[in-house]
């Protein structure tokens, strides 16, 4: 609990933009996934970096936990206030501060959402390519190191951030990076804060790298006889240097959900859904080269289209895969998994996972950003059914073990939060201790998003090795 | 000085692979630039990670400085033993441990050089794209966050490293990253050690991201009426999304040096030297689109060629720019500068620099990786002429100030070392303190490459804010 005197001090900074109302606390204690709610003690709605700094100073002096909040769409419980404290909602810091067309960058506040940014950029001919699906905030995307369908071409959010402004755990405001396209002047602090999940500070401004909107875009889907054939076609495509803008796998169970709940009429086989960006000529060439690879691997139904309506239908379906999958079982909730392996082991990883799910009583469609070796299952469980949740947790744990055994990572893009913390020792060994040492150096009191990502330090109570995974 | 007892202990690990011979100490106390020699007290030639770990443990227990050594080609005095200590020469750890064609990666030891790697990869159809010019070691390239002519297309060395093995300042061995193409499982330790210049540990193994050798490569050079016109053409090229593999500026003074000392016969005007990678068809299309932009900006002489001999001649000239420049003044040595600015400010930065040099008594050709906003001058001075060296230092200092005023960085790719440390406060403000806090957390005794990059901590004597710049 935040002591009343501390609440008064926080209120002296924010006035009525500090809330302890039950609806505000409840809303900021929820997540989009299956984790139990954990509401904060108060919610702040700052409007400036100076206010964020003032709040953090107050909390640092009193060892009150501080948790950042964007849109609440993260999937591993990143923003749950598991030790209570102050939730800092960046919803009012959502402006585009500058668009520099000549340098292809934009300076934005962390509460701006991906779709809001896209709308602001439309007239410039530029776009920000990172697309995790959800309409997340840019600050949240940076903090979880988001990626998504376009990463195979444009990189993760890390590759598309030039500079940050960060409020440190003691309230200091620092800037990392610059608007230059590269630098070798010192430690990569930008890279350190990206993916730190708010455990090292709060991001209060981002300088984003933009890309020119492609002159031409084409999309296609095609069916394969097996996941292995689809993955082999993907590997050959990547090796041949075709600059795929997206290359997504939907397995047969996912296709069934598209047919049943997203108005599709596709063969119930594994599909690749792809997109090409470039000039009219290069898109045609890329599509033809890809088509030849598809044919070599027994793929069928490949027809590419540059018509915006065809493309929109395809990607709406992919983006709504989560909801189509949920609809496979009425009233179900999903445990979402997220592993990434070297692409040469991807077919094996997916096929083992498929067999493991099929041997369980659960339904679990598989979708993957296969150009990156990353895939997800959505394990459908009845809400409140502890037995099913345990089975789903075990399937998820075996996926994590599989990822590590095959030389990969327990999280391709969803992050650690509370859900993957139990696997950090297995993945990083002594590297996890190094993360803890950095954490303690910058946040000795352990106030920034405690209970997440790093081993528990002396500052906050908790089990030393993190919670159980899954 | 390393005490005799400590030398004996080190020798118990390495036998005659520990050297205190004068030639070895002198060779490892030199750098390729104008900094005064600073030899170590001993040089170690380890062959395994376990040996490196043992050496570091011995030095940690006795607070003996440890300095990594690759090929000695860094330009900011990174490997000078300014506080004495043990130089760890990775020359015997120079193997390719694995090439994974399916995953397009390779696992290598840090002493392997860029050209050795290229030779090993030739049969695979893959290549490692980062090319800083010098035949540097991969460990050195990682530690200085190298980039170079191909960065505009393929990124810096950071973008092309998937995983590292590192010996920490207390001798622990940790692994960062994995062979997966992306991850969001925790802090980006790989990114932290890349560019840390050996101040946080010694890199003992690298997993590199490879790329397919392009089916077709074409190159060209063309002349412009002014640096401004060449830069404007560059900006339009980048904005239009033409995937340039290289786009290099040589100013009129540089072209003069090519004509005089590299067998060229070019108009003494600013030139762009470019390369295109792709299929026969895409290379043709890219070259034609670029040619149209050149014409719009009054460029002349643009003729592209896919003949390997034409291309080799062009890039041999560019790579030898350093020696051609030196030849402009008999017996001269060069102070090399390296700033990077937002590309919209690049013409301004280069033109101001040109005027500043022309107003001085020195000759200074300018070359630039202009697609990234990065450029260098080679300020030619008479060895031992302190007056000229002071003038060169002042020109370099004004370049650094110019970079910061225009929103850029004091080092695009050469790093901090001892040469740029005096500018770190100006560039990073409180961010430099954060670097120091991370350094102290991982290396509390301050033994790893002391006197470089970070503010001096309590561990090692020295001025708190680093030496003077330049």
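Remarks
- As an equivalent ellipsoid, segment A:329-405 spans semi-axes of 23, 12, 10 angstrom, where each value is the square root of five times an eigenvalue of the C-alpha gyration tensor, largest first.
- Rg followed by Dmax, in Å, when segment B:216-323 is reduced to its Cα trace: 13.0, 37
- Relative to the current alpha-carbon distance between residue A:348 and residue A:386, full extension at 0.36 nm per residue lengthens the span by 10.7 nm.
- Exam field: residue A:352 pseudo-label spacings to other copies (7 Å along Cα-Cβ), nanometres: 5.7
- Peptide packing: for B:39-48, A:134-143, the average count of neighbouring Cβ atoms within 10 Å per residue gives the ranking A:134-143, B:39-48, highest mean first.
- Equivalent ellipsoid dimensions for segment B:129-252 as semi-axes, Å, which come from the Cα gyration tensor, largest first: 34, 16, 13
- Ranked list, fewest to most other Cβ atoms within 10 Å of each Cβ, for B:454, A:96: A:96, B:454
- Listing B:333, B:156 from fewest to most neighbouring C-beta atoms within 10 Å gives B:333, B:156.
- An ellipsoid equivalent to the protein assembly as shown, defined through the eigenvalues of its Cα gyration tensor, has semi-axes of 43, 35, 28 Å when rounded to whole angstrom and sorted largest first.
- Under 17 Å from the residue A:267 label point (7 Å along Cα→beta-carbon), backbone N, segment A:300-325: A:300-304
- Residues in segment A:222-244 reached by a label modelled at residue A:259 [backbone nitrogen below 18 Å; 7 Å Cα→Cβ]: A:222-227
- Each label was represented as a point 7 Å from its Cα along the Cα-to-Cβ direction; for residue B:97 and residue A:17 these points are 5.1 nm apart.
- For residue A:308, the point set 7 Å out from Cα toward Cβ sits 4.7 nm from its twins in the other copies, listed from shortest up.
- Between residue B:394 and residue B:313, the FRET efficiency from the beta-carbon distance, with R0 = 30 Å, is close to 0.25.
- In terms of its C-alpha gyration tensor, segment B:35-88 comes out oblate, because a/c is 1.5 or above while a/b does not outweigh b/c.
- Across the identical copies, how the residue B:386 labels are spaced - nm, sorted shortest first, 7 Å along Cα→Cβ: 8.1
- Panel order for A:358, B:456, B:372, by other beta carbons found within 10 Å of each beta carbon, from fewest to most: A:358, B:456, B:372.
- If you sort the three axes of the alpha carbon gyration tensor as a ≥ b ≥ c, you get a/c of 1.5 or more for segment A:255-304 and a/b no higher than b/c, which makes it oblate.
- Helical runs assigned H by DSSP (4 residues or longer) give chain B a calculated mean residue ellipticity at 222 nm of -10000 deg cm²/dmol, each run adding -39500 (n - 2.57) before division by the residue total.
- Globularity index of chain A, i.e. its alpha-carbon radius of gyration over 2.2 N^0.38 Å: 0.98
- Cβ-Cβ FRET estimate between residue A:61 and residue B:401, R0 fixed at 30 Å, reported to 0.05: 0.20
- Built from the Cα atoms of segment B:260-381, the convex hull projects on average onto 8.5 nm², one quarter of its surface area.
- 10 Å Cβ neighbours from other chains, averaged over peptide B:338-344: 6
- Compared with the dominant principal axis of the Cα atoms in chain A, helix A:430-442 is inclined by about 40°.
- Fraction of alpha-carbon pairs over 20 Å apart in segment A:1-74 - percent: 29
Rule-based calculations on the coordinates, nothing more; no lab input. Just so you know, these numbers come straight off a predicted model, no measurement behind them. Every residue, glycine as well, gets a Cβ built from its backbone with ideal geometry; the counts of neighbours run over all protein chains shown.
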